[in-house]
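*Asks:* Have a look at the structure that comes next, please.
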Amino acid sequence: MYQLREETPADFHEVEALYDLCFAPGREALSSYRLRDDVPKVAGLCLVLRDHDDALAAVIRYWPVLVGGVPTLLLGPVAVHPTRQGEGLGALLMRESLAEARRLGWERVLLVGDYPYYRRFGFEKREGVIMPPPTNPERVLGIPLQPGAWEGVAGEVTKFPKGLDYPPQPAT
């Protein structure tokens, strides 16, 4: 039995420890982290999954970025505790968070990841979307949350500007 809920500030250190456990040392040196520096995460989409003992089993985070000047969600990282891998928890976080992003009116999601894994959620390779180096272009993936949301959206992925409210407004 698991409890899915929004990440809170009280979860921060435990979430960071799980990311450290699941990813190689130096994970914060990746180019995607430069896009997150000093940018608030999209709180309503950052989720934690805890077991019946309140142990952290899995997490997912989202950040706003611009793709060719167009607001876009950057998914990641998503992590599942090594003792919980293979239980479908990462897939659960993916499905739930993408559904919530769609409900909130976000139009598109970008991530850097393994195409064979993420294609089952609807992600496709994004030709013309340029992540900061040294990102492998074959790992740049995106999914439209609204019909045609990626049409005409290409170019450099840049940090979301300070002071700009991230779109969209919640759907009513």
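*Asks:* Kindly list the number of the only condition in (1) open to solvent by 20 Å² or more (accessible area, probe 1.4 Å); (2) in contact with a Ser or Thr (Cβ under 6 Å, 6 or more places away or on another chain) that fails for V65.
*Replies:* Exception for V65: condition (1).
*Asks:* Another question about this same structure. Going residue by residue through segment 44-52, is there one that turns out to be free of Cβ contacts under 8 Å to residues at least 60 places away in the same chain and among the small types (G, A, S)?
*Replies:* Checked segment 44-52: no residue is free of Cβ contacts under 8 Å to residues at least 60 places away in the same chain and among the small types (G, A, S).
*Asks:* Then there is this: So, in segment 104-140, how many residues would count as being in contact (Cβ under 8 Å) with a residue 60 or more places away in the chain, assigned to a strand (DSSP E or B) and surrounded by fewer than 16 Cβ atoms within 10 Å (Cβ to Cβ)?
*Replies:* Residues meeting the conditions: 0.
*Asks:* Evaluate the following for A101: is it surrounded by fewer than 18 Cβ atoms within 10 Å (Cβ to Cβ) and within 26 Å of E14 (Cα to Cα)?
*Replies:* Against the criterion (surrounded by fewer than 18 Cβ atoms within 10 Å (Cβ to Cβ) and within 26 Å of E14 (Cα to Cα)), A101 does not qualify.
*Asks:* Scan segment 3-37 for residues that are touching a helix residue (DSSP H, G or I) at 6+ places or on another chain (Cβ under 7 Å), more than 16 Å from R84 (Cβ to Cβ) and either open to solvent by 60 Å² or more (accessible area, probe 1.4 Å) or free of Cβ contacts under 8 Å to residues at least 12 places away in the same chain (or both) and report the count.
*Replies:* Counting residues in segment 3-37 that are touching a helix residue (DSSP H, G or I) at 6+ places or on another chain (Cβ under 7 Å), more than 16 Å from R84 (Cβ to Cβ) and either open to solvent by 60 Å² or more (accessible area, probe 1.4 Å) or free of Cβ contacts under 8 Å to residues at least 12 places away in the same chain (or both) gives 1.
The values are calculated or read from the model by the stated rules, or taken from the named source; none is laboratory data. All values reported here derive from a predicted model rather than from experimental measurement. Here the Cβ is made from the backbone with ideal geometry for all residues, glycine too, and neighbour counts use every protein chain on show. The accessibility values were calculated without ligands, DNA or RNA, using every heavy atom of the protein model including side chains. Shrake-Rupley method; radii C 1.70, N 1.55, O 1.52, S 1.80 Å.
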